[in-house]
Every structure is written in C-alpha cells, then in structure tokens.
Amino acid sequence: MFRWGGLTTRNDPPWTDTFSSGFVQEKGNPSVAIFGLVNWDTAFSTRALFIRQVELLAGHILQSYSSSTKIILRTGQYYCCTYDKDPKWKRKFSRLRNQYFNQYLTDIFQAKLGADYSISVWDVSQIAERRPYGAREEMALACPPNHVRAELIDIENLVLINHLCN
C-alpha cells in the first residue's frame with residue numbers, strides 16, 4: 001500500500017517514484033489497485049498540473065499493471081459549506097472544484113484505461129451529496145478544511161472493503 005498526498009508536488013518522495021521502484025516486479029501484479037485521489041489535488045494543485053499528473057498516472061498504470069488488475073477510483077470526499085478555516089494551509093477547495101476534479105479523473109481513466117482494464121468508481125462524494133443540506137453541513141464542519149470527518153471516511157472504507165470481500 002502506498003500513501004500519496006494526491007498527485008501533487010507535496011509528495012516526498014514524488015509519487016512517480018512508486019512506479020520507478022519496480023514494485024510490481026517485486027511484489028507481483030495486484031488483483032485490485034485502488035486510487036483515492038482528488039482531495040489533496042483540489043486543495044494544492046492547479047487544474048493544469050492535475051491534468052498533466054492524471055495523464056502521467058494513466059501511462060504508469062498501463063506500463064505497470066497487467067490488464068487483469070481491477071482498477072477502483074475513489075473520488076475525493078465531499079466538501080461543504082464554508083471557507084477553509086485552517087490558517088496553516090492555503091487550500092484551494094470549493095465544492096465545484098472538487099466535482100470538476102472528480103469528473104476529470106473519472107473521464108480520463110475511462111478514456112485512457114477503460115479498453116484494457118475493468119474500472120469501477122467508488123464515488124464517496126455522492127454519499128454526502130445525496131443527504132439533506134443540514135446533514136451534509138454536520139458531516140463537514142468538524143474538520144477545518146470542511147471535507148467529511150475521519151470517522152465517516154472510515155465508514156466509506158468499510159463499505160468498500162465489504163463490497164470487495166463479499
């Protein structure tokens with residue numbers, strides 16, 4: 001398992017090092033690869049950088065994984081309601097920006113990889129989007145950058161794991 005801060009330049013080492021390290025040859029081809037992106041990208045990247053990095057990631061996947069690997073895209077978490085209240089970070093979040101990045105990621109993966117891989121989208125943002133506004137606000141306001149709270153992310157992940165294992 002690898003943890004990246006999105007496809008941003010904030011990763012140390014850079015996320016591309018994961019692919020150049022030969023991990024597939026060392027560990028074997030995975031049956032499932034889950035890519036949970038967008039939140040860090042929305043917060044800290046420009047659209048132009050994100051577009052370039054998604055294209056680069058798609059190329060790395062084509063070169064690194066066999067077509068038997070099932071690809072799961074986990075969209076960015078729901079973002080709601082107010083401005084970023086965390087004075088330490090300078091995030092560029094907005095609900096529409098999150099939606100744009102989610103849609104772009106999904107569209108590019110389908111276009112570039114859909115002919116070779118089975119691709120599923122685990123759209124966690126829709127879990128919140130479909131709730132009444134008051135419930136959405138409650139989900140997000142406890143976190144300074146206004147995306148869903150950690151315990152809700154844990155629930156999202158448990159539902160995904162349950163789906164994968166049953």
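Structural remarks
- Solvent-accessible area of residue 67 with every protein chain in place, 1.4 Å probe, in Å² to the nearest 10: 80 Å²
- Residue order for 10, 52, 3 - accessible surface, 1.4 angstrom probe, largest first: 3, 52, 10
- Global form of region 1-41, assessed from the alpha-carbon gyration tensor, a/c cut-off 1.5: oblate
- Accessible surface of residue 104 - all protein chains present, 1.4 Å probe, nearest 10 Å²: 40 Å²
- Candidate residues 70, 27, 112: accessible-area rank, largest first, probe 1.4 Å: 27, 112, 70
- Neighbourhood charge, 15 Å Cβ-Cβ cut-off, centred on residue 11 and excluding it, Lys, Arg +1 and Asp, Glu -1: 0
- Largest-first ordering by accessible area, 1.4 Å probe, given options 26, 151, 156, 129: 26, 151, 129, 156
- Within-13-Å neighbourhood charge of residue 59 [Cβ basis; K, R +1; D, E -1]: 0
The values are calculated or read from the model by the stated rules, or taken from the named source; none is laboratory data. Nothing here was measured: the structure is a model prediction, and the numbers come from that model. Ideal geometry is used to build each Cβ from the backbone, glycine not excepted, and the neighbour counts take in all protein chains shown. Side chains included, ligands, DNA and RNA excluded: accessible areas come from the protein's heavy atoms. Shrake-Rupley method; radii C 1.70, N 1.55, O 1.52, S 1.80 Å.
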